[in-house]
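Q: Please read through the structure below; I'll follow up with questions.
Read-outs throughout are calculated quantities, based only on the coordinates presented, and are distinct from any laboratory measurement. What you see is a predicted model; the values in this text were computed from it and never measured. A quick note on method: Cβ atoms are made from the backbone with ideal geometry, for glycine too, and the neighbour counts reach across all protein chains shown.
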Amino acid sequence: MCGIFAAYKQPEVELFKSKALQYSKRIRHRGPDWSGNVIQNSTILCHERLAIVGLDSGAQPITSEDGNYTLAVNGEIYNHIQLRDEFNTYKYKSLSDCEPIIPLYEKYDVDAPKYLDGMFAWVLYDKKADRIVAARDPIGITTLYLGKSSKNPETRYFASELKCLIDECDEVTAFPPGHVYDSNTDQITRYFTPTWWDGSKIPSKHADLKEVRETLELAVRKRLMAEVPYGVLLSGGLDSSLIASIAARETKKAAASVSDEGIDANKELSGVDEKGSLHFSGFTNSLHSFAIGLPGAPDLIAAEKVAHFIGTIHHSHTFTVEEGLDALDDVIYHLETYDVTTIRASTPMYLLSRKIKAQGVKMVLSGEGSDEVFGGYLYFANAPSAKDFHQECVQRVKDLHYADCLRANKSTMAWGLEARVPFLDKQFLEVCMNINPEDKLIKPAEGKIEKYVLRKAFDTSDEPDVHPYLPKEILWRQKEQFSDGVGYSWIDGLKDAAEAAVSDEEFANPKPEWGSDIPTTKEAYWYRCKFDRVFNNSATAASTVMRWIPKAEWGCHEDPSGRYAATHDHKVI
């Protein structure tokens with residue numbers, strides 16, 4: 001991960017350069033390792049680098065040997081080895097996983113992102129054509145914004161974070177995932193068209209548990225592509241625990257392969273080849289895991305169990321409610337949202353990310369996406385039909401870039417830590433979003449709790465030759481949303497602080513500029529006020545925010561906390 005800023009058709013671009021560098025500096029937390037910029041014609045591309053792959057030679061922006069193409073990327077391309085093999089006549093200047101985007105574009109033009117497997121946001125400038133092309137990954141794991149200015153109507157601005165654009169642009173939009181922008185048409189078009197995208201088409205194929213397991217294992221294996229120390233976020237819930245368990249197995253196998261074959265890690269391309277074999281990963285055969293919570297939190301207890309079972313080097317961190325409250329303004333500045341559930345969950349993740357970076361780790365795997373794919377939130381138990389269940393899953397996946405993807409990306413990148421999310425792998429989504437929703441339904445009377453398909457896929461109780469992935473009590477542990485699992489008094493503390501900060505009179509009189517987007521709780525009102533202060537009451541900034549709420553028409557409680565679901569077990573560990 002890195003940070004990018006670009007201005008296309010910028011008048012007096014040389015004079016604008018100093019301003020561009022200041023805008024780029026605002027996201028240096030995303031790329032603390034190096035900064036670069038390139039000006040061609042009236043376009044400037046700036047890059048703040050976080051080095052994960054191609055450490056010695058992957059500085060950006062990358063310019064082709066003939067000087068015609070300049071590329072700035074924020075992301076990781078997991079199939080870069082295969083792309084290098086396909087475009088083996090291209091004269092590469094680095095070992096960067098991002099550089100193959102240039103020959104890919106030369107061949108496929110704006111269809112290039114269709115052939116990428118990874119998480120990414122990039123801008124590519126074609127000097128001869130005076131053309132800029134920009135793209136964002138299929139689900140929006142990586143953040144990207146597009147800005148326009150009435151002062152310079154032809155100029156288009158791109159940035160990894162909103163804060164780079166609000167002083168220059170009077171119109172900013174969150175660049176839609178799975179889309180590509182072409183300056184030749186000044187249009188954004190969808191390139192990602194998976195079979196499951198149309199939610200009205202209800203899948204009929206029943207779950208193939210072996211396929212589910214193997215596809216997730218491959219997704220994790222791809223994401224171990226790194227030349228730096230890495231770890232896993234481990235809350236002790238099902239999703240992060242499964243990712244940690246698979247990562248621990250794959251790390252040991254890869255380390256053994258390096259040892260047996262005598263591979264020089266500094267000379268090998270990092271990644272997975274066409275056979276799905278991991279070439280090299282990290283520096284050690286011991287995987288580090290990280291957890292955070294209030295003292296005695298459910299997540300900390302469960303994470304300790306998992307770490308002991310899978311054999312990770314575990315780091316358990318605690319925070320206090322006061323420390324969390326003290327961090328709220330910084331969290332909102334980095335997250336660029338006033339959504340209640342995102343802020344609740346992001347604050348502990350933000351605090352933990354700082355601890356992780358201080359311990360020398362630059363990349364972690366995380367468990368976001370599973371709840372959307374499998375209908376894991378407890379309110380899904382209220383779904384009136386399998387069709388409604390499936391359509392809500394599809395919509396939640398489509399909206400991930402406003403919520404959990406945004407949280408995972410920005411709360412970690414605030415400290416120059418990269419988070420990768422295997423559950424949002426394209427191939428895994430293709431398999432699991434095409435499962436008959438009848439298989440996913442929550443049916444407690446039949447022993448089918450939330451995410452039953454995923455749990456069953458990794459239940460090895462009838463496979464005596466396979467070592468269990470997780471302890472039974474973890475594999476079948478009920479869902480706890482992260483903001484609950486870190487300790488119930490965290491959300492209670494937030495509500496109490498909001499009650500003290502917002503008077504009844506203020507709450508009864510929302511700001512006129514908020515229009516129809518009226519906070520319905522004092523907590524939501526408090527966050528909106530903080531957001532307005534951080535971003536100078538910018539309506540442009542507020543226009544990029546979407547609030548995450550449960551499905552009200554299913555009779556769900558307005559509060560997004562899982563504790564308010566009727567099926568929640570308050571005694572769960």
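Q: Which values of log₁₀ I(q)/I(0), to two decimal places, follow from the Debye formula for the stretch 508-553 at q = 0.26 Å⁻¹ with a uniform point scatterer at every Cα?
A: One equal scatterer on each Cα of the stretch 508-553 leads to -1.11.
Q: For the stretch 372-386 and the stretch 424-476, what is the centre-to-centre distance using only Cα atoms, to the nearest Å?
A: 15 Å
Q: I've got another one for you. Quickly work out the residue 14-to-residue 387 label distance, labels modelled 7 Å from Cα along the C-beta direction, and quote it in nm with one decimal.
A: About 6.5 nm separates the two model spin labels.
Q: How big is the gap, in Å, between the Cα center of the stretch 139-155 and the Cα center of the stretch 1-79?
A: Cα centroid to Cα centroid, the span is 15 Å.
Q: Between residue 462 and residue 308, what FRET efficiency comes out of the Förster formula 1/(1 + (r/R0)^6) with R0 = 22 Å and r the beta carbon distance, rounded to 0.05?
A: Working from the Cβ atoms, E equals 0.35.
Q: Between residue 286 and residue 28, what length in nm is gained on full extension when 0.36 nm per residue of separation is reduced by their alpha carbon distance? Don't skip to the end; give the middle numbers.
A: Values: separation 258, 0.36 × 258 = 92.88 nm, distance 3.02 nm.
Stretched out fully, the residue 286 to residue 28 stretch lengthens by 89.9 nm.
Q: Multiplying the sequence separation of residue 201 and residue 443 by 0.36 nm and subtracting their Cα-Cα distance, what value in nm do you get? Numbers along the way, then the final one.
A: Values: separation 242, 0.36 × 242 = 87.12 nm, distance 2.28 nm.
The residue 201-residue 443 span can extend by a further 84.8 nm.
Q: If I take R0 = 35 Å and measure r between the Cβ atoms of residue 513 and residue 111 in this structure, what FRET efficiency does the formula 1/(1 + (r/R0)^6) give, to the nearest 0.05?
A: Details: r = 41 Å, r/R0 = 1.18.
About 0.25, to the nearest 0.05.
Q: How do 228, 172 line up, fewest other C-beta atoms within 10 Å first?
A: On the way: 228 17, 172 23.
Ranked by crowding around the Cβ, least crowded first: 228, 172.
Q: At a 10 angstrom cut-off on C-beta neighbours, averaged per residue, how do the peptides 491-504, 25-38 rank from highest to lowest?
A: Details: 491-504: 15.9, 25-38: 18.9.
The most tightly packed comes first, giving 25-38, 491-504.
Q: Where nothing but the Cβ of Lys and Arg (+1) and of Asp and Glu (-1) is charged, how large is the charge dipole of the chain around its Cα centre, in debye to the nearest 20? Provide the component values of the computation, followed by the final result.
A: Values: 66 positive and 85 negative charges, 79 e Å.
In debye, rounded to 20, the chain gives about 380.
Q: Counting DSSP beta bridges with both partners in the chain, what percentage is antiparallel, nearest 5? Working shown, then result.
A: Working: 51 of 67 bridges.
Antiparallel bridges make up about 75 percent of those DSSP assigns within the chain.
Q: Kindly identify the chain as rounded, prolate or oblate by the Cα gyration tensor criterion: order the square roots of the eigenvalues as a ≥ b ≥ c, call it rounded if a/c is under 1.5, otherwise compare a/b with b/c, prolate if a/b is larger, else oblate.
A: Values: a/c = 1.55, a/b = 1.13, b/c = 1.37.
Here the chain falls in the oblate category.
Q: While we're on this one: Arrange the following residues from fewest to most other Cβ atoms within 10 Å of their Cβ: 15, 278.
A: Numbers: 15 9, 278 23.
Ascending Cβ contact count within 10 Å gives the list 15, 278.
Q: Further question: Give, in nm to one decimal, the length gained when the segment between residue 130 and residue 552 is fully stretched (0.36 nm per residue of separation minus the Cα-Cα distance). Can you show the working numbers first?
A: Values: separation 422, 0.36 × 422 = 151.92 nm, distance 4.84 nm.
Taking residue 130 through residue 552 to full extension adds about 147.1 nm, to one decimal.
Q: Going by how many other beta carbons lie within 10 Å of each one, how would you line up 115, 527, fewest first? Mind showing how you got there, number by number?
A: Numbers: 115 17, 527 25.
Neighbour counts put them in this order, fewest first: 115, 527.
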